[in-house]
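Note sheet for the following structure.
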Amino acid sequence: MPTLIVIDLQEAMRAERSADWPWANDAAPAVAGRLLDHARARGWRVIHVHHNVDDPADGFHPSNPLCAAMAEVAPLPGEEIVVKHGSSAFIGTDLAQRLEGEADLVICGGEANMCVESTTRMAGNLGFAVTLVQDALVCFPRRAQDGRIFPPQTVLDMSLANLRGFARIASSEDILSQP
């Protein structure tokens, strides 16, 4: 049975979204919520990964209301929460120890090219069979060193291409259609 890992879908991420700074997969939080419902209904293990920072002015600071999980993926009592302070959910946390004996991971969340990518790479390197749910990933545009702006879908597509050697890329429908 897989373990669903929901990465950094916190209100601070939604607050960063604007007309000038959109994200790919507008429906990603809702899709992640459907994955979460699916996992819970089947008795999968669920681990929520939340990002925290030390700066009280930042939305990801634990005292900021924006640090809360998005309603679509809010943890239920008793569900595991791993708090990270960097990009990979494996660095500075006990996630690897928590996952001992597990084989299959299903990952969704944000940002695809940051925390999801570093966590997925590390999970693959640690020997987990990872499925990355492409339509349940949030991804923002990126500014290149020369000032060019890469649209969020381009950034997401590149991230997914980068991760093909570390994970199976699937749609939510692929996961939700499984019994």
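Of everything in segment 153-164 that is under 20 Å from PRO2 (Cβ atoms) and touching a helix residue (DSSP H, G or I) at 6+ places or on another chain (Cβ under 8 Å), the residue that is surrounded by the fewest Cβ atoms within 10 Å (Cβ to Cβ) is LEU160. Only a single criterion out of (1) more than 23 Å from ASP157 (Cβ to Cβ); (2) touching a Leu at 6+ places or on another chain (Cβ under 8 Å); (3) not acidic (Asp, Glu) is not satisfied by PRO62, namely (2).
A count restricted to segment 52-65 and to residues that are modelled with pLDDT of 95 or more and surrounded by 14 or more Cβ atoms within 10 Å (Cβ to Cβ) stands at 5. Within segment 8-38, the set of residues being among the aromatic types (Phe, Trp, Tyr) and either in contact with a strand residue (DSSP E or B) (Cβ under 8 Å, 6 or more places away or on another chain) or part of a strand (DSSP E or B) (or both) comprises just one member, TRP23. From the list GLU79, GLU102, GLU72, the one residue that fits, being among the charged types (D, E, K, R) and in contact with a Leu (Cβ under 8 Å, 6 or more places away or on another chain), is GLU72.
Looking at segment 97-147, which of the residues that are in contact with a Gly (Cβ under 9 Å, 6 or more places away or on another chain) and small (Gly, Ala, Ser) is surrounded by the most Cβ atoms within 10 Å (Cβ to Cβ)? Restricting to residues being in contact with a Gly (Cβ under 9 Å, 6 or more places away or on another chain) and small (Gly, Ala, Ser), the top hit is ALA136.
Per this entry, GLU117 is counted among residues that are part of a helix (DSSP H, G or I) and not basic (Lys, Arg). Please indicate, with yes or no, whether at least one residue in segment 85-98 is at pLDDT below 95, farther than 21 Å from LEU132 by Cβ, out of contact with any helix residue (DSSP H, G or I) (no Cβ under 7 Å at 6 or more places or on another chain) and assigned to a helix (DSSP H, G or I). Checked against the condition, which is being at pLDDT below 95, farther than 21 Å from LEU132 by Cβ, out of contact with any helix residue (DSSP H, G or I) (no Cβ under 7 Å at 6 or more places or on another chain) and assigned to a helix (DSSP H, G or I), segment 85-98 yields no hits at all. What do you reckon, is LEU9 in contact (Cβ under 8 Å) with a residue 12 or more places away in the chain, out of contact with any Cys (no Cβ under 7 Å at 6 or more places or on another chain) and under 30 Å from ASN125 (Cα atoms)? Judged against the criteria, LEU9 is a match. Return a yes/no flag: does segment 132-139 have any residue that is in a helix (DSSP H, G or I), at pLDDT 95 or above and closer than 21 Å to ASN52 by Cα. Among the residues of segment 132-139, not one is in a helix (DSSP H, G or I), at pLDDT 95 or above and closer than 21 Å to ASN52 by Cα, which makes the answer no.
Screening segment 140-175 for residues that are part of a strand (DSSP E or B) and of a type in the set (A, V, I, L, M) and picking the one that is farthest from the chain's Cα centre (by Cα) gives ILE149.
Here is the figure for segment 73-92: residues that are touching a residue at least 40 places away in the same chain (Cβ under 8 Å) and either more than 16 Å from VAL53 (Cα to Cα) or surrounded by fewer than 18 Cβ atoms within 10 Å (Cβ to Cβ) (or both) total 1.
The values are calculated or read from the model by the stated rules, or taken from the named source; none is laboratory data. Given the structure is predicted, the values throughout are model-derived calculations rather than measurements. Quick reminder, even Gly has a Cβ in these numbers, built from the backbone with ideal geometry, and neighbours come from all protein chains shown.
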